[in-house]
Each structure stands twice: as C-alpha cells, then as structure tokens.
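Let me begin by presenting the structure, written as structure tokens, before commenting on it.
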Amino acid sequence: MVAPVRRAATVSLTQDIWRRFKRHRLALFGAVILLVIIAGVAIGPWLWTVPINEIDFNARLKPPSWQHPFGTDDLGQDLFSRMLYGGRISIAVGLAAMTIAIVVGTIIGAIAGMSRGLVDTFLMWLTDLFLSLPQLPLLLLIIYLFRDSLKKIVGAETGVFIMIVVVIGGFRWMPVARLVRAQFLSLREKEFVEAARALGASRLRQVARHILPNALGPVIVAGTIDVAAAIIAESTLSFLGLGFPPDIPTWGRVLFDAKDYLDTSPYWALFPGTLIFLTVLSINYIGDGLRDALDPRRVL
C-alpha cells in the first residue's frame, strides 16, 4: 500500500518575514519597548488627566512620588503628564519627517535609477550637494528665519510642527535616494524586468509592478533609521531653544528646561533623556531586525 504524499505547508511572504524577524531577539525586544511607549503616550493622557501647563508653586521641584510619578519642574508642573503629551509630538515628528524623506528620496532615486545621462547626473549631483551641506546650522537658520511668520499663518503649535517636520524631512532624503537608485540600477537589468519590457510594459508599469516592490526592503529599513534621526533632530532643536515653545512640552523641550537644574533635580532630565534613548534604541533594533528579515540571503 502506497503511503499518501503529504504536501509541504506553504508559507506566505509575510509569514516568512515575521518568522525571520522574531528570531532577532533584540529586534523583538525593541518592538515590545516601542509598542509600550507608543501605547503609553497614546492612551496615557486619557488616564492621567493632570493638565500639562497647570502651575503649582507649592509643588515646585518635587521629586518623584505617587502624586507626581516623574516629579515636578520649577513651576510645579507635573512632568509625567508633560512626558505623555510630549511623546505624542516627538514620535509624530519622527514619523512625519520619515514619510517626507522616504517619499522624496524614493521619487528622486527611482527617476535617477531609470534614467541615464543628464537626468541621472543632475539628480546625483543634487543629492551630493545636499549631503555636503552642514545640516544642523542650516536647520537652525531656516527655523529661526521662518518660524515666526509661519506661526502667524497657521498658529504656534501647528506652524512649528510643520516647519520642523519639513526641514528635518528635507535633509534626510539623500541616503534614501542613493539607496533607491542603486536598487533600481540593479533590478532594471533582471530577467523579469526584461521580460516585462519585451511584452510591451510601459516604464511606469515596470517601476510600479516589478522594480519598486522588490526595492522596498532596504527602503523600509532606511525609514526606521530616519524616524530615529528625526526624533534626535527635533530633540536637538528643542534643546537649543529653536524647537517648540515652552508650553508645548516635547521630550527635547523638557530636557532643555531641565539643563539648569541638573545638580538639584536630576530626575527632571533623567526621564525625557531615558525616553528619547529607549525610543531611538528600539527603532534601531527594529531596523536591524527588518534588515535581516527582508534579506533572503541572510540565514537566521
């Protein structure tokens, strides 16, 4: 009697990526930490309802306690509520700036990778030009020049948010453009793209259906790096006093306010610094895990 033949279980691409990702212990740890932070800043302000700008001079510079888990600042404002609210803005800045960087970088890299001659040369010259610019001084200069005028148009918080996101995203697209261009130059010569070209597929269809989906792996990894870099850039701008105003407590802004009280109230700087560190570290670990999971040549 012939034994029945068992069919091998089919595994989808998503399942395979998840299987490879969860074998990366640090990436899984980073994902858990990041989810906890995001859940905290998303849900926390609904549960901890202390106003972020409520001033109580009788409670100024109080150390962490049950009443104020992260302590209070020099105005008696609750640091825990300010951390929860500020986390929303800091993470939103990172995600929005990353989106701008990915979209701009992908478009420029794709055009350069699919073109030859003057178009490719010009776009790579433009990319090299932006890479050579001193980013932090230019960030400070642009925000200093245009922040007040934008505030008058759309309001203080929205204006500063748009300015910071656009400026940070505008200085983070260059590595993505180079990465996408390299992927396109490699993929455009593959057999499946040649077959699509021979069947009469337009250049746009070749990009949308065949080249871009196969180039997304490295782009996703680059996106995680851009989120971390944008959070650090926003924190740096706020720490230098050119980010959000004092009544909008981003993590970087709270860290800036704490700099004069490091000797007497070190907890004030400890909590925002730790949250920035954990968020950036978690995102970097996730990027490492995605790099390994999306690269079939790596053995996990």
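Rule-based calculations on the coordinates, nothing more; no lab input. Everything quoted here is computed from the prediction, not taken from an experiment. Backbone-built Cβ (ideal geometry, glycine too); neighbour counts: all protein chains shown.
Before moving on, here are some points about what is shown:
- Mean residue ellipticity (222 nm) of the chain, computed from DSSP H runs ≥ 4 via -39,500 (n - 2.57), nearest 500: -23000 deg cm²/dmol
- Rg/Rg_globular for region 26-144, with Rg_globular taken as 2.2 N^0.38 Å and Rg from C-alpha atoms: 1.62
- Leu61 versus Ala198: modelled label distance in nm, points set 7 Å from Cα along the beta carbon direction: 7.8
- Mean Kyte hydropathy of -0.5 or more with a Cα span along the axis of at least 27 Å, helices from DSSP in the chain: 25-47, 79-114, 212-239, 267-294
- Taking the average, over residues, of other Cβ atoms within 10 Å as the packing measure, peptides 163-169, 257-263 rank 163-169, 257-263 from highest down.
- Cα gyration tensor shape for the chain, rounded if a/c is under 1.5, else prolate or oblate: oblate
- Label-zone membership for region 68-102, site Asp260, 7 angstrom Cα→C-beta point, backbone N under 19 Å: 72-79
- Going from the fewest other Cβ atoms within 10 Å to the most, the residues Ser235, Ser115, Ser265, Ser65 appear in the order Ser65, Ser115, Ser265, Ser235.
- Take the Cα of Ala39, step 7 Å toward its Cβ, do the same at Ala182, and the gap between the two points is 3.7 nm.
- Rounded to the nearest 20 debye, the dipole size of region 193-281 about its Cα centre is 740 debye, using +1 on the Cβ of Lys and Arg and -1 on the Cβ of Asp and Glu.
- Relative contact order of the chain, defined on C-alpha pairs under 8 angstrom at six or more residues apart (%): 26
- With R₀ fixed at 30 Å, the C-beta to C-beta distance from Arg205 to Trp18 puts the FRET efficiency at about 0.50.
- Peptides 268-274, 84-90 ranked from most to least packed by the mean count of surrounding Cβ atoms within 10 Å: 84-90, 268-274.
- Label-point gap, in nm, between Trp125 and Val50 - each point 7 angstrom along Cα→Cβ: 5.8
- Report note on the peptides 129-135, 32-38, 177-183: ranked by the mean count of other C-beta atoms within 10 Å, highest first, their order is 177-183, 32-38, 129-135.
- For the chain, the longest site-free run once GluC sites (Glu not before Pro) in DSSP loop states with at most 16 other Cβ atoms within 10 Å are removed: 55-188
- The length gained on full extension between Lys190 and Val103, counted as 0.36 nm times the residue separation minus their Cα-Cα distance, comes to 28.9 nm.
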